[in-house]
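First up is the structure itself, then whatever we jot down about it.
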Amino acid sequence: MTTAVRIRITGLVHGVSFRASMARLAADAGVRGWVRNLPDGSVEAFLEGDERKVQRVIDWARSGPPRARVDRVDVEAASPRHHRDFRIH
């Protein structure tokens, strides 16, 4: 079953390879969508694909790469957008 979510990650998530690490994990898992830095210092991502695979990326985002400090992950259901791959914006 295909699912789609928009997530926002707050904490020390800029300058720690968060986007690149998420992009690798998502692409390897077959999750499509995008990830981007926001001006307020948070990271936003749109994830779509198999529900278990999307959940795997969300679970990873709760800790992020080794140098990150994740304070909060907000998850919001979204409508699938039929992305073809996973991109860094």
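Bear in mind these aren't lab numbers, they're just calculated from the coordinates by the rules spelled out. From a predicted model like this one, the values you see are computed outputs, not experimental measurements. Glycine also receives a Cβ, built like all others from the backbone with ideal geometry; neighbour counts cover every protein chain displayed.
Points to keep in mind about this one:
- Residues (crowded, with 18+ Cβ neighbours inside 10 Å and under 13 Å from V5 (Cα atoms)) located in region 62-74: V73
- Applying the criterion of at least 2 residues that are touching a residue at least 40 places away in the same chain (Cβ under 8 Å), among the aliphatic types (A, V, I, L, M) and in contact with a Pro (Cβ under 6 Å, 6 or more places away or on another chain) to the strands (runs of 3 or more DSSP E) found wholly in region 20-85 leaves an empty list.
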